Amino acid sequence: SDPDELLNRIVGEYEQIADEPLDLQLISEWNAACLDIGRTVTFSDGRSLSKGVISGIDQDGALIIIPENGQEVHYRGEIDYA
């Protein structure tokens, strides 16, 4: 099997999945099972640090963090448990 063909198939499948909205039932189940909701964390997006409480994920799959001054939504980054 040609590695380029396999990579093209994987990318094609990913692009189809990435364009579809997340299943609301899946989001609800994830939020219900997530042990990190309510935990205080420090979040780094590579440019800045913020501290807040994990609230869950939204309908786009982004992490919701509630800092002292409002709500932040993050699609990528790193969290550190404070």
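Before moving on, here are some points about what is shown:
- If you go through segment 17-63 and keep only what is open to solvent by 60 Å² or more (accessible area, probe 1.4 Å) and assigned to a loop (DSSP other than H, G, I, E, B), you end up with Glu20, Pro21, Leu22, Asp23, Leu35, Ile37, Arg39, Gly46, Arg47, Ser48, Gln59, Asp60.
- Scan of segment 13-43 for residues that are of a type in the set (Gly, Ala, Ser) and modelled with pLDDT of 85 or more, ordered by number: Ser28, Ala32, Ala33, Gly38
- The residue pairs whose first member lies in segment 27-42 and is without any contact (Cβ under 8 Å) to a residue 40 or more places away in the chain, whose second member is exposed (fewer than 14 other Cβ atoms within 10 Å of the Cβ), and whose beta carbons are closer than 7 Å, counting only pairs six or more residues apart or on different chains, are Ile27/Gln59.
- Which numbered condition Ile10 fails, given (1) without any contact (Cβ under 8 Å) to a residue 24 or more places away in the chain; (2) surrounded by 11 or more Cβ atoms within 10 Å (Cβ to Cβ); (3) not small (Gly, Ala, Ser): (2)
The values are calculated or read from the model by the stated rules, or taken from the named source; none is laboratory data. All figures in this text were calculated on a predicted structure; none of them were measured in a lab. Because the Cβ atoms are built from the backbone with ideal geometry, glycine has one as well, and the counts that use them run over all protein chains shown. Each accessible area value is taken on the protein alone, full model and side chains, heavy atoms only, with ligands, DNA and RNA left out. Shrake-Rupley method; radii C 1.70, N 1.55, O 1.52, S 1.80 Å.
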